[in-house]
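**Student:** Handing you a structure now.
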Amino acid sequence: MSLRTPWCRSMGVDMPIVNAPMGGAAGGRLAAAVSRAGGLGMVGMGSAGTADQLTAELQAFTSYLGADLDRPFGIGLVHWVAEARPELLTRALAARPALLCVSFGEDSSWVSRAHEAGVVAATQVATVAAALRAVDAGVDVLVARGAEGGGHGEPRVGTLALLADVLDRVDVPVLAAGGIASARGLAAVLAAGASAAWLGTVFAACPEASTGAAARAAMLAAGGEATTLTRAFDIDNGYPWPEHLPERVLTDSAGMPTPVDAGQGVGMVNRAVPAADLIAGLCGDAEALLGRWVSAGGAG
């Protein structure tokens, strides 16, 4: 059996894998490695993202791809950052990504701009109500982000419950995000109907990610219970994240938050595997799991 979903075919990718556009981790090198391996590589601009930084990361993407320049890619922006720095959205659209994801905001005027540029529009949602609003605004692809996810998000509903509920209510492709860090997790969300998995923490540990050495080591050593929600680092840095969008980070041995974003799947991340090997392993094992289920008569 093949894991390639109809959405994968429409986007020109081979694997139902998207790396989350994590600010500070998902730069051009990681995005290029993911796209080269058959997934959809995303370049992320976080709380401090600028148009110049995006340009630099897109140049890194092109350089790392080498001869594979026809591989699709995406760009992820934080809505309130793009609103404060409108040149960031302009620069992103000028790059003509296959997918533009703008999340964590209420205004949807960016959607029509994406469509005018011929770019597929996506956004992360944490509730069914948010999903319905996004579809009404013309968003083409939803990312159902569960409470397990690392970094910023609205921790309202677990990933599988949210995914199932959203899939039953909308007709657009839905990607699953939050706590997915293994082949079993990938198989589960694909079996539920997700068009692809949107993976963050597991890619943040890859050598191609921009993650610092100390942060990577902390993730590789952490258990799945070693995360917490906090606003402390946003407040310290003066980032105007709303109260309902805290940050899931690692905790230290004393249970105190550290400035390392990680989701609850971090306990399954214990090796710094190159992105291509990670994608091959996840997809190969997920395909075997789903094939075993079908062979055993689970489909009937």
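The values are calculated or read from the model by the stated rules, or taken from the named source; none is laboratory data. What you are looking at is a predicted structure, and each value in this text was computed from that prediction instead of being measured. Every residue, glycine among them, receives a Cβ derived from its backbone with ideal geometry; neighbour counts consider all protein chains shown.
**Student:** Please find, among 217, 286, the residue that is over 16 Å from residue 182 (Cβ atoms) and either of a type in the set (A, V, I, L, M) or assigned to a helix (DSSP H, G or I) (or both). Walk me through it before giving the result.
**Tutor:** Values: 286 fails: over 16 Å from residue 182 (Cβ atoms).
Residue meeting the stated conditions: 217.
**Student:** Something else about it: Could you tell me which residue of segment 129-145 is surrounded by the most Cβ atoms within 10 Å (Cβ to Cβ), considering only residues that are over 21 Å from residue 160 (Cβ atoms) and among the hydrophobic types (A, V, I, L, M, F, W, C)?
**Tutor:** Going residue by residue through segment 129-145, those that are over 21 Å from residue 160 (Cβ atoms) are 133, 136-140.
Checking the rest, the ones that are also among the hydrophobic types (A, V, I, L, M, F, W, C) come to 137, 139.
Working: 137: 16, 139: 24.
Only one residue tops the list, namely 139.
**Student:** May I ask you to verify whether residue 56 is hydrophobic (A, V, I, L, M, F, W, C) and in contact (Cβ under 8 Å) with a residue 40 or more places away in the chain?
**Tutor:** On the way: hydrophobic (A, V, I, L, M, F, W, C): yes; in contact (Cβ under 8 Å) with a residue 40 or more places away in the chain: no.
For residue 56, the condition - hydrophobic (A, V, I, L, M, F, W, C) and in contact (Cβ under 8 Å) with a residue 40 or more places away in the chain - is not met.
**Student:** Next up: I'm checking my understanding of the structure. Among residues of segment 170-184 that are in a loop (DSSP other than H, G, I, E, B) and under 16 Å from residue 224 (Cα atoms), which one is nearest to the chain's Cα centre (by Cα)?
**Tutor:** Start the filter on segment 170-184 by keeping residues that are in a loop (DSSP other than H, G, I, E, B), which leaves 170-173, 178-182.
Now restrict to residues that are under 16 Å from residue 224 (Cα atoms): 178-182.
Values: 178: 9, 179: 11, 180: 10, 181: 12, 182: 15 Å.
Selected residue: 178.
**Student:** Something else about it: Assess whether residue 162 counts as being on the phi < 0 side of the Ramachandran plot and either touching a residue at least 40 places away in the same chain (Cβ under 8 Å) or among the aromatic types (Phe, Trp, Tyr) (or both). Step through it out loud before you land on a result.
**Tutor:** Numbers: on the phi < 0 side of the Ramachandran plot: yes; either touching a residue at least 40 places away in the same chain (Cβ under 8 Å) or among the aromatic types (Phe, Trp, Tyr) (or both): no.
No, not satisfied.
**Student:** Considering only residues of segment 14-49 that are β-branched (Val, Ile, Thr) and over 12 Å from residue 99 (Cα atoms), which is surrounded by the fewest Cβ atoms within 10 Å (Cβ to Cβ)? It would help to see each step written out before you state the result.
**Tutor:** First, the residues of segment 14-49 that are β-branched (Val, Ile, Thr): 17-18, 34, 43.
Filter again for over 12 Å from residue 99 (Cα atoms), leaving 17, 34.
Working: 17: 28, 34: 30.
Going through the qualifying residues, I end up with 17.
**Student:** Can you tell me how many residues within segment 131-148 are among the aliphatic types (A, V, I, L, M) and assigned to a helix (DSSP H, G or I)? Give the derivation first.
**Tutor:** Keep residues of segment 131-148 that are among the aliphatic types (A, V, I, L, M), which gives 131-132, 134-135, 137, 139, 141-144, 147.
With assigned to a helix (DSSP H, G or I) added as a condition, the list becomes 131-132, 134-135.
Adding up the residues that qualify gives 4.
**Student:** Could you grab me the full set of residues in segment 170-186 that are of a type outside the set (D, E, K, R) and either surrounded by fewer than 24 Cβ atoms within 10 Å (Cβ to Cβ) or free of Cβ contacts under 8 Å to residues at least 60 places away in the same chain (or both)? If you could, list the steps in order and put the result at the bottom.
**Tutor:** The initial filter retains those residues of segment 170-186 that are of a type outside the set (D, E, K, R), namely 170, 172-183, 185-186.
Scanning segment 170-186 gives 170, 172, 173, 174, 176, 182, 183, 185.
**Student:** Out of (1) surrounded by 20 or more Cβ atoms within 10 Å (Cβ to Cβ); (2) among the aliphatic types (A, V, I, L, M); (3) free of Cβ contacts under 8 Å to residues at least 40 places away in the same chain; (4) farther than 20 Å from residue 10 by Cβ, the odd one out for residue 100 is which?
**Tutor:** Every listed condition holds for residue 100 apart from (4).
**Student:** Given the criterion farther than 16 Å from residue 100 by Cα, modelled with pLDDT of 95 or more and within 12 Å of the chain's Cα centre (by Cα), identify the matching residue among 158, 193, 150. Walk me through how you get there before you give the answer.
**Tutor:** On the way: 158 fails: within 12 Å of the chain's Cα centre (by Cα); 193 fails: within 12 Å of the chain's Cα centre (by Cα).
Result of the check over 158, 193, 150: 150.
**Student:** With the requirement that a residue be over 20 Å from the mean Cα position of the chain (by Cα), surrounded by 14 or more Cβ atoms within 10 Å (Cβ to Cβ) and not in a helix (DSSP H, G or I), what does segment 109-128 give you?
**Tutor:** Answer for segment 109-128, where residues must be over 20 Å from the mean Cα position of the chain (by Cα), surrounded by 14 or more Cβ atoms within 10 Å (Cβ to Cβ) and not in a helix (DSSP H, G or I): just 117.
Listed here are the residues, each with its yes/no results for (1) among the acidic types (Asp, Glu); (2) farther than 20 Å from residue 200 by Cβ.
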site	(1), (2)
19	no, no
49	no, no
52	yes, yes
63	no, yes
91	no, yes
98	no, no
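**Student:** State which residue pairs qualify: first residue closer than 18 Å to residue 268 by Cα and touching a residue at least 12 places away in the same chain (Cβ under 8 Å) and inside segment 207-220, second residue assigned to a helix (DSSP H, G or I) and of a type in the set (A, V, I, L, M) in any location, beta carbons under 7 Å apart, and separation of 6 or more residues or different chains.
**Tutor:** 209/30; 211/204; 219/204; 219/266
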